[in-house]
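Readers should treat all values here as calculations from the given coordinates under stated rules, not as data from a laboratory. This is a predicted model, so every value here is computed, not measured. As a convention, Cβ positions derive from the backbone with ideal geometry for all residues, glycine included, and neighbour counts pool all protein chains shown.
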Amino acid sequence: MMTPEELASAVAYVRLLIGDTDNLNYILSDVEVGLFVTNSPADTRMAAAAALDTIANVEALLSKKIVTQDLSTDGPAVAKALRDGAALLRAQVRAEKADVEDAYGFQVVDLQPACPRVPELTERLHSW
């Protein structure tokens, strides 16, 4: 469980990662970002990726591709860019996790018994 200070720091970091730093016009509320953080406690980048996906979904639902005489908007392209950013954050987390597993996931185990071995088909004395 995070302390209130840790949660506030994680929320600020997620906001920085997703570009939601204009404190007068936040896209997501502190409560919403806090929910992403508490549901992704292992890595705040995963919380940021989830936040970007949510913003992309809203963008795709609200902003359509509109072209008029002197103005054009492309909501689907913005949504795709946001989803690409989320995918990049997830890829970074997976790559770091794979590096850690590679570094510590391989172990050499000696399967030889404690007594000395004699090559096969050689005569040896037994002490039975």
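The phi-based Karplus calculation (6.51 cos²θ - 1.76 cosθ + 1.60; θ = phi - 60°) puts the 3J(HN,Hα) values of segment 85-92 at x, 5, 5, 5, 4, 5, 5, 4 Hz, whole numbers, x for Gly and Pro.
Among residues other than S63 with Cβ under 13 Å from its Cβ, the summed charge is +1 (Lys and Arg +1, Asp and Glu -1). So what J values fall out for segment 45-55 if you push phi through Karplus, 6.51 cos²θ - 1.76 cosθ + 1.60 with θ = phi - 60°, rounded to Hz, Gly and Pro as x? In residue order, the calculated couplings are 5, 5, 5, 5, 5, 5, 5, 4, 4, 5, 4 Hz.
Loop-resident chymotrypsin sites (Phe, Trp or Tyr not before Pro) (DSSP state other than H, G, I, E or B) in segment 5-108 with no more than 13 further Cβ atoms inside 10 Å of their Cβ: Y26, F106. Taking 7 Å steps out from each Cα toward its Cβ at T3 and A87 produces label points 4.0 nm apart.
For segment 10-16, backbone phi angles converted through the Karplus equation (6.51, -1.76, 1.60; θ = phi - 60°) give residue-by-residue couplings of 5, 4, 5, 5, 4, 4, 5 Hz, Gly and Pro being listed as x. A Förster distance of 41 Å, applied to the separation of the beta-carbon atoms of V67 and R94, puts the FRET efficiency at 0.60.
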